[in-house]
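The values are calculated or read from the model by the stated rules, or taken from the named source; none is laboratory data. These figures come from a predicted structure and were not determined experimentally. Counting neighbours? That spans all protein chains shown, and the Cβs are built from the backbone with ideal geometry, glycine included. Only protein heavy atoms, including side chains, enter the accessible area calculation; ligands, DNA and RNA are left aside. Shrake-Rupley method; radii C 1.70, N 1.55, O 1.52, S 1.80 Å.
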Amino acid sequence: MDRLLSRRGAGVAGALVLFAGLAAAPPASAGDPGQGHTVFASRCAMCHSAAKGGPTILGPTLWGVVGRPAGTVKGFAYSSGMKGAGFTWSNDRLRIYLPKPNGMVPGTKMTFAGLKNPTQIDDLIAYLNTLK
Ligand code: HEC
């Protein structure tokens, strides 16, 4: 009986250690900005600079995009849909936009079919958050 109890005790302690480990780990949806940079380089950089005050390629620079009102980079000729979007880019908005840009902003000039892989989206959003 004693042995049984102490084994159960060890099991509870083990579960607590495991729980503490899980609590310390980042949430599953937090992306890896390093991986996100790779995604950016292969899927976005042909049209977007990531630099502060960076040039227009086909799209505006994405420096500071998280927290920036949509359609507001000076000197960029946005579509009327993007100019009138009326929201500010947040992680959640990007998570909706990136898989299907023209689903969220009808008539957008961003001719990009969309990024479907949820891990790549999380990584990319983590990277975009570093551009500030
Ligand atoms: C083929 C070129 C092209 C590609 C590839 C592209 N974009 Fe764009 N993007 C644009 C254009 C053009 C606009 C302006 C859209 C408008 O005015 O409707 C834009 C707009 C945006 C905006 C809104 C910017 C603002 O100032 O409101 C975000 C955010 C964005 N793109 C993110 C991305 C990300 C992230 C990727 C990579 C997954 C990407 N884009 C790939 C061309 C592109």
Considering only residues that are of a type outside the set (K, R), open to solvent by 30 Å² or more (accessible area, probe 1.4 Å), over 21 Å from Q35 (Cα atoms) and not in a helix (DSSP H, G or I), which ones fall in the stretch 102-119? P106, G107, M110, T111
Take the residues in the stretch 31-47 that are open to solvent by 60 Å² or more (accessible area, probe 1.4 Å) and part of a loop (DSSP other than H, G, I, E, B), then tell me which one is farthest from the ligand (Cβ to nearest atom). D32
Identity of the residue in the stretch 48-61, near the ligand (Cβ under 6 Å from one of its atoms) and open to solvent by less than 40 Å² (accessible area, probe 1.4 Å), that ends up farthest from G114 (Cα to Cα): P60
Residues that are within 9 Å of the ligand (Cβ to nearest atom) and assigned to a helix (DSSP H, G or I), drawn from the stretch 71-101: S80, G81, M82, K83, R93, L94, Y97, P101
Between residues in the stretch 32-61 that are over 17 Å from K132 (Cβ atoms) and residues that are in a loop (DSSP other than H, G, I, E, B) and of a type in the set (S, T, Y), which pairs lie under 7 Å by C-beta distance while being six or more apart or on different chains? P55/S49; I57/S49
